[in-house]
């Protein structure tokens, strides 16, 4: 028990040092300033080349989404997630140790070329995320958490990171074992993480980009608009589940783009009754009213 308590407390101490270092000492390997820089760059694209030209500079819920962006990217880990996840990894490894399993790695990739490791992690992680995303739409209790993200009624770059903290727990938990089995840690490949943030920001931005023939590989703002559309095909739990890649949707028949969707209403049924404040949205899935 003492070991787990130490792991928990060390998690707070370590993440606090990491976060203060990120803010106080800018560098090229710094998530805080990359997130800030990418956000300003994509916001600039929205202002210079707006797809929906009637939007104000600060669209509806702009500041709420900006807070979600930094809460989910940094503050949630500081408050509890980093410490708890370290404890659960320790517990999981100790559990495996009871059966004589000391190493989960089933595929050694550290001898591969860097580009090969990068590509494999990108494809595996994105495919896992695509499947988790489908679960968030199809499993009723998970959908209650995912509604926070779909409560966005006006697309903008910061809507990318408006989601309930429970989604972090679900995504990271499902990803942990498959990535560990091929020798990847969740913090590997800084460049890959930054690339996926850029794609996610662009997918939610008020810009019209389709990437030409590459739209069948990469997700894009037009495709993702339909994922957020209020009115979906009859009997559908959702469409266009791709995170960075549209490839999976085309392969498995969940792609849906009837037209560009510029003026398509966003959200879900009775979205206007969904809580509008951060704390109310965070508490919503455990509340009595389920829309």
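We did not get these values from a lab; they are worked out from the coordinates using the rules stated. This is a predicted model, so every value here is computed, not measured. Cβ coordinates were reconstructed from backbone atoms using ideal geometry, including for glycine residues, and neighbour counts include every protein chain displayed.
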* Asked: By how many degrees, 0 to 90 and rounded to 10, does the Cα axis of helix 31-48 deviate from the longest principal axis of the chain?
  -> 10
* Does anyone have the angle between helix 190-204 and the longest principal axis of the chain? Alpha-carbon axes, 0 to 90°, nearest 10? -> 20
* Using a Gaussian network for the chain with springs between C-alpha atoms less than 10 Å apart, which of these wobbles most: 171, 68, 13? -> 13
* Note the angle between two axes, namely the Cα long axis of helix 140-150 and the longest principal axis of the Cα atoms of the chain, as a number of degrees from 0 to 90, rounded to the nearest 10. => 60
* To do: Return the single residue from 130, 165, 28 with maximal mean-square fluctuation; model: Gaussian network over the chain, springs between Cα atoms under 10 Å.
  => 28
* **Relative contact order for the range 206-291, counting Cα pairs under 8 Å that sit 6 or more residues apart, in percent** => 27
* Rank the residues 52, 162, 59 as a footprinting-exposure proxy: fewest other Cβ atoms within 10 Å of their Cβ go first. => 52, 59, 162
* To do: Quick one: among 263, 65, 126, which has the greatest mean-square fluctuation in a GNM of the chain with alpha-carbon springs under 10 angstrom?
  => 263
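Kindly put 167, 272 in sequence by how many other C-beta atoms sit within 10 Å of each C-beta, fewest to most.
272, 167
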* the chain - percent relative contact order, Cα under 8 Å, separation 6 or more -> 22
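Can you give the calculated 222 nm mean residue ellipticity of the chain, where each DSSP H run of n ≥ 4 adds -39,500 (n - 2.57) and the sum is split over every residue, rounded to the nearest 500 deg cm²/dmol?
Using -39500 (n - 2.57) per qualifying helix, the result is -17000 deg cm²/dmol.
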* Asked: Roughly speaking, what is the centre-to-centre gap between the range 23-46 and the range 212-260 when only Cα atoms are used, to the nearest Å?
  -> 28
* Asked: Which ordering of 204, 259, 237 is given by a fewest-first count of other beta-carbon atoms within 10 Å?
  -> 259, 237, 204
